[in-house]
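Take a look at the structure below.
Every read-out reported here was derived from the displayed coordinates using simple, explicitly stated rules and does not represent laboratory data. Keep in mind that what you see is a predicted model, and the values were worked out from it rather than measured. Cβ atoms come from the backbone with ideal geometry, glycine included; neighbour counts cover every protein chain shown.
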């Protein structure tokens, strides 16, 4: 029986046309096309992506997100304090003390719920910004799974410090973002090669960056070898992008990368059983594997 390789495609959905979110698209129209094009391409290939949307993005794209959710796409929350309505913050999540983090999460959850009609269960913080209080704060608000960490990344001005972080899926710690713990909040790190970190940036599976043949494929090959050598039982790839690229256009470089990644994963099927999952489904698969392994 071939080894199962769980594969999670994600997109961070920022507000459009605002200096408070320079990572976002120029317009809401571009944002809509990016989200729809990304999800349509993946759904056609048999993958169910996960979107992380700010409350502002949820408000602007509610009907689109509802339609995608009905097709199997998961819609979670992206926390981005500088663009949060009413927050008046310039700092990123990992730069905030615990009490301010709680206020930001409470406001974000409430605004997201008001616009989408349900409480999000999956979470990511913009730019992967977090500190040692973050997982405990997020767990308190009922989040079940997250993808906050980017092992090897270190950007002090953004509150990002993932040097030494766990590379594979794990339950989180209430006091240390870099280690595992007993919180019910499960974490799936973005796939990266922390050993290759240079200047605070480690190579990772950012879909819209670089070229698949010379960047993503070698990175995946190295991580699969690492997982095999380390005897990792739950093997997973987590890829990410944002809603600022023309995924609806076949000639857009980001869309080209996405198609090449899908083709590459098809090639891996000779050695692995590719299991496409949303973040929430990946958590459930991890939990099931743990129960089976422990004989429960």
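Taking 0.36 nm per residue of separation and subtracting the Cα-Cα distance, full extension of the segment from residue 275 to residue 45 would add 81.6 nm. Using alpha carbons only, how many angstrom separate the centre of the range 125-154 from the centre of the range 230-267? When both Cα centres are located, 22 Å separates them.
Please give the FRET efficiency for residue 19 paired with residue 210, using the beta carbon to beta carbon distance and R0 = 25 Å, rounded to the nearest 0.05. My answer for the efficiency is 0.40.
Give the order of 66, 208 when sorted by the count of other beta carbons within 10 angstrom, beginning with the fewest.
If I rank by nearby Cβ atoms, fewest first, I get 66, 208.
Spin-label model, residue 118 to residue 3: label points 7 Å out along the Cα-to-beta-carbon direction sit 3.4 nm apart. Adding -39500 (n - 2.57) for every DSSP H run of four residues or longer, then dividing by how many residues the chain holds, sets the calculated 222 nm ellipticity at -11000 deg cm²/dmol. Of all DSSP beta bridges in the range 3-294, what percent run antiparallel (nearest 5)? Percent antiparallel among DSSP bridges in the range 3-294 is about 20. Label-to-label distance, residue 252 versus residue 154, with points set 7 angstrom from Cα along the beta-carbon direction: 3.5 nm. Per-residue extension of 0.36 nm, minus the Cα-Cα distance of residue 91 and residue 294, leaves a gain of 68.8 nm for this segment. The residues 264, 272, when put in order of fewest to most other Cβ atoms within 10 Å, stand as 264, 272.
Relative to the globular-protein estimate of 2.2 N^0.38 Å, the Cα radius of gyration of the chain stands at 0.93. The residues 35, 195, when put in order of fewest to most other Cβ atoms within 10 Å, stand as 195, 35. Placing a pseudo-label 7 Å from each Cα along the Cα-to-Cβ vector at residue 287 and residue 267 gives an inter-label distance of 3.7 nm.
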